[in-house]
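The values are calculated or read from the model by the stated rules, or taken from the named source; none is laboratory data. None of the values given here were measured: they were computed from a predicted structure. Glycine also receives a Cβ, built like all others from the backbone with ideal geometry; neighbour counts cover every protein chain displayed.
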Amino acid sequence: MRKRAFSGGWVIAVSSLVLAAAASLDRRSDPLTGMPFVLIPAAEFEMGTPLTEPQREAQETLHRVKITRPFYLGIHEVTQREWRAVMGNNPSNFATCGQDCPVERITFFDVQRLIAELDKRSGWPGFRLPTEAEWEYACRAGGAEAFGASSTLSTDEANYDGRYPYAGGPQGQHRSSTTPVGSFAPNRWGLFDMSGNVWEWTADDHCPYPSGTVSDPAGSCGTAVKVIRGGSWFFGADSARCGLRYTHRPQDQGFSLGVRLAHDAK
């Protein structure tokens, strides 16, 4: 049986000035774990999916979003090594993948505990989950295509189930597990695995998109599920598009469910 098909996304390209600024953006690391972050610039973008995007879902209404404040975002997904350094355990199904593989089998509540511990112990407080809008903005990195800079994605570029390629593309490898972070080329803002490897929790409830322009949206509508983004090794290429929205209950855990942290820029 084919795994569930997902919708995609599209963005109006961020200005060349923002792209140029991003190329030389500040990078810093958490003092406790060494977890690296890059500063993502403030700008406006089009969030959602155009009617012409293959396999789009009706929920992905195009709307303009203003990101008014720069923020730090993890260069890669939180690894098993980084999780263990803070929490003292490794819940991952793929523990034998290695300490540089992403941590998985973590709930939304587990992530909140990680954030609390980091804020208490790292000496660099201000950790949080990215909002859904921040995540999509960073995934696109100024690109206007389904996968940011490209309208296609091969298994040489990301870890997804290559038996289910995107929009009639050629089949590729199915690795059947996570891969170490940084195994594939980063996007234009230096972020690894924004497509594939593990799903990433966001801060947002699963709320309907607005139709007009919004600034720094944070989905809070009391739904029973949280938005996750990015696709995973267990799902097809269409799950890994930047505009794709998927959900899990905050108490859920799974072998393809991980996290990438954000941090307030102060």
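Scan the stretch 228-239 and give yes if some residue there is among the β-branched types (Val, Ile, Thr), outside any loop (DSSP other than H, G, I, E, B) and in contact with a Phe, Trp or Tyr (Cβ under 6 Å, 6 or more places away or on another chain), otherwise no.
yes
Enumerate the pairs (first residue in the stretch 57-77 and among the small types (Gly, Ala, Ser); second residue anywhere and modelled with pLDDT of 95 or more) with beta-carbon separation below 6 Å, excluding pairs fewer than 6 apart on the same chain, so at least 6 apart or on different chains.
Gly74/Phe37; Gly74/Arg260; Gly74/Leu261
Kindly indicate which of Gly172, Gly243, Gly236, Gly222 is surrounded by 16 or more Cβ atoms within 10 Å (Cβ to Cβ), over 23 Å from Ala144 (Cα atoms) and among the small types (Gly, Ala, Ser).
The conditions single out Gly172.
Filter the stretch 162-188 down to the residues that are of a type in the set (A, V, I, L, M) and touching a residue at least 40 places away in the same chain (Cβ under 8 Å), then identify the one that is farthest from Glu104 (Cα to Cα).
Ala167
State the number of residues belonging to the stretch 91-106 that are crowded, with 20+ Cβ neighbours inside 10 Å and within 12 Å of Asp252 (Cα to Cα).
Here the count works out to 2.
Which pairs turn up if I take residues in the stretch 99-125 that are within 22 Å of Phe184 (Cβ to Cβ) and modelled with pLDDT under 95 and look for partners that are of a type in the set (S, T, N, Q) and surrounded by fewer than 20 Cβ atoms within 10 Å (Cβ to Cβ) with beta carbon separation below 8 Å, at least 6 apart in sequence or on another chain?
none
From Ala138, Ala146, grab the single residue that is of a type in the set (Gly, Ala, Ser), crowded, with 18+ Cβ neighbours inside 10 Å and within 11 Å of Asp238 (Cα to Cα).
Ala146
Can you name the condition, by its number, that Thr179 falls short on among (1) within 17 Å of Gly243 (Cβ to Cβ); (2) surrounded by 15 or more Cβ atoms within 10 Å (Cβ to Cβ)?
(1)
Please pick out the residue among Ala141, Ala158, Ala133 that is on the phi > 0 side of the Ramachandran plot and either among the small types (Gly, Ala, Ser) or in contact with a Phe, Trp or Tyr (Cβ under 9 Å, 6 or more places away or on another chain) (or both).
Just one listed residue meets the conditions, Ala141.
Restricting to the stretch 116-135, count the residues that are buried (at least 20 other Cβ atoms within 10 Å of the Cβ) and part of a helix (DSSP H, G or I).
Here the count works out to 5.
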